[in-house]
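The values are calculated or read from the model by the stated rules, or taken from the named source; none is laboratory data. Computed from a predicted model, the values in this text were never measured in an experiment. Glycine also receives a Cβ, built like all others from the backbone with ideal geometry; neighbour counts cover every protein chain displayed.
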Amino acid sequence: MPRRILVYLAHPVLERSRVNRTMIDAVRDLPGVTVRDLYEDYPTLAIDVAREQADLLAHDVIVFQHPFYWYSTPALLKEWQDLVLEYGWAYGEGGKALAGKLTFNCVSTGGPQAAYQPEGYNRFTIRQLLAPWDQTAHLCGMKFLAPFVVHASLRFTSREEIAPHAANYRRVLEALRDDRFDTERAAYEERMTDALDGLISPIVRNQGLVS
Ligand SMILES: Cc1cc2nc3c(=O)[nH]c(=O)nc-3n(C[C@H](O)[C@H](O)[C@H](O)COP(=O)(O)O)c2cc1C
């Protein structure tokens, strides 16, 4: 069975977005992919925990797509984590609901790639800055994959310039869905965007992985 993918989009002003809007538009129509716009669904932050948990249970791959805000996510995603990932459900005694699922962040940044290095002005890599997401996934028994990153968002002057990144994002989701993606390797890469050709295979890797 193909993997079922849930993309949580978290952008507080999508109508002013360039990168995230183009990226999400590139995957919306993909069979097997569900897109949820968290700021559209919860403009007052009143998160429906039961709905979220049901959606999580119904999918095998959970993607968090968001712009990088203060080296982290927009605030609603933090609220979502705080409310949805309950003790006894996501972690702790009896908390196995998410175990075995795959997860990664799809991140756009204002800063260039060179800034997100130990010697760069942001001092840390994106993957290092996402350590709370990595550890949250680990605590919940999920496999955390390297982030998909689009850097230097201000350099784009048109949707056409973002299109190759959006096409790669679509390739990643298709390959994950169809079991043509090397999740073992993606778990230790710094950014999956650096290694796409090695991660995506034209043939099915392990048929019947999802039962
Ligand atoms: C409140 C706020 C905080 C931001 N913090 C960061 C940051 O920590 N690092 C960074 O590289 N860019 C930062 N940016 C720039 C955004 O990441 C960038 O505008 C966004 O990724 C562009 O995507 P979009 O076209 O979908 O809006 C910030 C922007 C805002 C509005």
Mind checking which residues of the range 30-46 are of a type outside the set (Val, Ile, Thr) and more than 17 Å from the chain's Cα centre (by Cα)? PRO31, GLU40, ASP41, TYR42, PRO43, LEU45, ALA46
Here is a list of conditions, (1) in contact (Cβ under 8 Å) with a residue 24 or more places away in the chain; (2) within 12 Å of the ligand (Cβ to nearest atom); (3) surrounded by fewer than 18 Cβ atoms within 10 Å (Cβ to Cβ), and ALA99 meets all of them except one; can you say which number that is? (2)
Tabulated pairs, the range 26-47, first at positive phi, second in a loop (DSSP other than H, G, I, E, B), C-beta under 7 angstrom, 6+ apart or interchain: GLY32/PRO2; GLY32/ARG4
Take ARG171 and decide whether it is surrounded by 13 or more Cβ atoms within 10 Å (Cβ to Cβ), within 12 Å of the ligand (Cβ to nearest atom) and of a type in the set (Lys, Arg). no
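Each row is one residue, and each column tells you yes or no for (1) modelled with pLDDT of 95 or more; (2) surrounded by fewer than 21 Cβ atoms within 10 Å (Cβ to Cβ); (3) part of a helix (DSSP H, G or I).
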| position | (1), (2), (3) |
| --- | --- |
| PHE104 | yes, no, no |
| GLY110 | yes, yes, no |
| PRO118 | yes, yes, no |
| ARG123 | yes, yes, no |
| PRO132 | yes, yes, yes |
| GLY141 | yes, yes, no |
| ALA146 | yes, no, no |
Is at least one residue of the range 61-68 more than 24 Å from ASP179 (Cβ to Cβ) and among the aromatic types (Phe, Trp, Tyr)? yes
Buried (at least 17 other Cβ atoms within 10 Å of the Cβ), of a type in the set (A, V, I, L, M) and at negative phi: which single residue out of ALA163, ALA186 fits that description? ALA186
Quick check on the range 142-150. Is at least one of its residues among the charged types (D, E, K, R) and in contact (Cβ under 8 Å) with a residue 24 or more places away in the chain? yes
